[in-house]
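**Student:** Supplied in structure tokens, the structure appears directly below.
Read-outs: derived from the displayed coordinates by stated rules, not from any lab. Keep in mind the model is a prediction, meaning the values are calculated, not measured. Here Cβ is always computed from backbone atoms with ideal geometry, including for glycine, and neighbour counts include all displayed protein chains.
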Amino acid sequence: MKDNIKMVLVLTSIALMSALVLTGVYEFTAPIIEGHAQEAIARSISEVLGQIEDMEVLEIEGKEVYKAYRNGELVAAVITEASGYGGAIQVMVGMNLEEEKILHVNVLEHRETPGIGTVIEEENFTKRFAGLAFKDSYRQDVDIISGATVSTRAVITAVERAVEFIQKHLGDEIQLENRGDL
Amino acid sequence: MSLLNIFKNGLWNEHPIFRLLLGMCPVLAVTTTAENGLAMGLATTFVLVSSEIVISLLRNVIPARVRIPSFIVVIATFVTIVDYTMMAFAPAIAESLSIFIPLIVVNCLILGRNEAFASRNTTLRSIMDALGMGVGFTWGLVILAAVRELLGTGEVFGFTILGEWFPTWNVMVLPPGAFISLGVILALLNQLIIWREQRIQGVK
């Protein structure tokens with residue numbers, strides 16, 4: 001009986017100590033880790049949208065949409081994902097809403113096979129989206145890379161989702177603004 | 001065994017990778033670049049040293065029947081500390097090691113050394129054991145990772161060693177390359193040991 005109580009006491013105290021230490025470490029590192037994540041997103045936004053002004057962050061259906069102006073034109077970026085060969089691939093797509101064109105595509109996170117699926121990160125692939133119109137069919141207009149069919153097709157799907165999402169939720173806004181100009 | 005011998009034990013005689021074949025999960029999974037291998041080795045060494053210190057201090061307090069859960073809680077605590085610290089201060093390395101940092105918890109090398117050594121020895125001896133095993137594990141990871149990175153990409157630690165003329169063997173940085181390189185290295189080391197033993201016998 002005495003042994004049993006000792007067992008419980010020792011294990012409980014070890015677990016308590018562990019919880020205390022980890023709380024401290026978490027409190028200390030969490031803001032720094034969060035800062036890195038924000039920085040990464042900010043860097044990616046400036047990559048896909050370029051020089052922008054008056055950026056607004058909108059919450060739509062649980063996604064963050066980054067809306068801003070570039071040379072007076074309305075632009076927006078959104079993060080979407082699609083499954084690739086090794087799991088979800090996260091893609092940030094920057095779009096010019098007035099010309100209804102894609103500006104730039106950035107692959108944020110993926111777990112594709114090194115040396116094979118990783119071509120999706122390269123400029124040589126992502127530049128294939130630049131300048132395509134919303135109404136284009138990306139499946140036809142963007143060449144996949146042989147050997148990395150699944151990975152490249154996943155990026156195409158993610159871009160399609162981003163364009164659909166933006167058209168669905170921000171489409172009205174462009175029309176309103178255009179009417180204002182008339 | 002003297003303190004120095006305890007330390008040297010992990011470097012070669014009971015080398016965790018090449019002689020005991022412990023902790024094969026990180027050995028095979030993260031050795032794609034020498035930098036990853038080094039980072040994983042250092043992270044594991046930190047966890048090994050800290051947990052062996054705590055376990056050896058608590059060795060007379062922890063009842064035998066709950067020793068494994070106690071060891072695991074202590075190890076998991078240090079692994080989580082390493083995980084958060086790396087995410088905060090070395091985000092690039094944390095990203096490339098991703099899931100394998102939390103998985104240090106289940107590295108049997110760490111539980112094995114705590115059970116076999118730290119729970120039966122003084123703190124000073126445990127520190128020497130942990131340092132020896134940690135340094136041994138680290139150099140093993142770096143050697144294996146350097147071989148894979150060199151053959152797979154022509155670079156080591158990001159510096160180009162083999163020029164354009166070398167047709168890089170992409171398979172070496174993929175999972176099969178881990179098994180191939182580890183197998184070849186183990187075979188070579190075993191042959192070296194056999195030769196050395198034969199020479200010693202020949203002298204006698």
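**Student:** Against the longest principal axis of chain B, how steep is helix B:123-153, in degrees 0 to 90 to the nearest 10, with axes from Cα atoms?
**Tutor:** Rounded to the nearest ten degrees, it is 20.
**Student:** Helix-only estimate, please: 222 nm mean residue ellipticity of chain A, summing -39500 (n - 2.57) across DSSP H runs of length 4 or more and dividing by its residues, to the nearest 500.
**Tutor:** The helix-only estimate for chain A comes to -17000 deg cm²/dmol at 222 nm.
**Student:** Let me ask something else. Select from A:57, A:91, A:107 the residue whose mean-square fluctuation is largest in a Gaussian network model of chain A (Cα-Cα springs shorter than 10 Å).
**Tutor:** The residue with the greatest mean-square fluctuation here is A:57.
**Student:** While we're on this one: Once you sort the root eigenvalues of the Cα gyration tensor of segment A:1-70 as a ≥ b ≥ c, which label holds: rounded (a/c under 1.5), prolate (a/b larger than b/c) or oblate (the other case)?
**Tutor:** Judged from the Cα gyration tensor, segment A:1-70 comes out prolate (a/c at least 1.5, a/b above b/c).
**Student:** Right, here's the next one. Running a GNM on chain A with Cα contacts under 10 Å, which residue among A:135, A:101, A:67 ends up with the highest mean-square fluctuation?
**Tutor:** A:135
**Student:** Give the span of segment A:117-157's Cα atoms along each principal axis, as three whole-Å numbers ordered largest to smallest.
**Tutor:** The principal-axis extents, from largest down, are 27, 17, 13 Å.
**Student:** Here is a further query. Suppose R0 equals 45 Å; then what is the FRET efficiency for residue B:161 and residue A:134 from their Cβ-Cβ distance, rounded to the nearest 0.05? It would help to have the intermediate numbers written out before the result.
**Tutor:** Values: r = 47 Å, r/R0 = 1.05.
The formula returns an efficiency of 0.45 here.
**Student:** Hand me the GluC sites (Glu not before Pro) from segment A:36-104 located in a DSSP loop with no more than 11 other Cβ atoms within 10 Å, in residue order please.
**Tutor:** A:61
**Student:** What size of dipole, in debye to the nearest 20, comes out for segment A:45-179 about its Cα centre when the only charges are +1 on Lys and Arg C-beta atoms and -1 on Asp and Glu C-beta atoms?
**Tutor:** Computed about the Cα centre, the dipole is about 440 debye.
**Student:** Net charge near residue A:138, counting Lys/Arg +1 and Asp/Glu -1 over other residues with Cβ under 14 Å of its Cβ?
**Tutor:** Here the charged neighbours net out to +1.
**Student:** Still on this structure, please answer the following. What Kirkwood radius, in Å to one decimal, follows from the Cα pairs of the protein assembly as shown?
**Tutor:** 24.5
**Student:** Additional query: Taking each pair of different alpha-carbon atoms in segment B:3-147 once, compute 1/r for the pair, average those values, and report the inverse of that mean as the Kirkwood hydrodynamic radius in Å to one decimal.
**Tutor:** 15.0
**Student:** Place a point 7 Å from the Cα of residue A:141 along the Cα-to-Cβ direction; which residues of segment A:37-70 have their backbone N under 20 Å from it?
**Tutor:** Residues A:48-50 fall inside that zone.
**Student:** What is the distance, in nm, between label points placed 7 Å from the Cα along the Cα-to-Cβ direction at residue A:57 and at residue B:65?
**Tutor:** 5.3
**Student:** Could you tell me how many cubic angstrom of Cα convex hull volume segment A:45-179 has per residue?
**Tutor:** On the way: hull volume 13.2 nm³, N = 135.
Per-residue hull volume (Cα only) is 98 Å³.
**Student:** Take the cross-link list A:63/A:101; A:127/A:168; A:101/A:168; A:63/A:127 and give me the ones stretching past 18 Å between alpha-carbons.
**Tutor:** A:63/A:101; A:127/A:168; A:63/A:127
**Student:** Sort out for me the Cα centre separation of segment B:38-117 from segment A:32-58, rounded to whole Å.
**Tutor:** If we compute the Cα centre of each part, the gap is 35 Å.
**Student:** For the pair residue A:23 and residue A:1, how long in nm is the line joining their label points, each one 7 Å along Cα→Cβ?
**Tutor:** 3.4
**Student:** So what does the Cα-only Debye profile of segment B:106-200 read at q = 0.11, 0.16 Å⁻¹, as log10 I(q)/I(0), no solvent term?
**Tutor:** -0.51, -0.87
**Student:** Find how much the distance from residue A:40 to residue A:122 grows on full extension, using 0.36 nm per residue of separation minus their present alpha carbon separation; answer in nm with one decimal. Display every interim value, and only then the final one.
**Tutor:** On the way: separation 82, 0.36 × 82 = 29.52 nm, distance 1.74 nm.
Computed gain between residue A:40 and residue A:122 is 27.8 nm.
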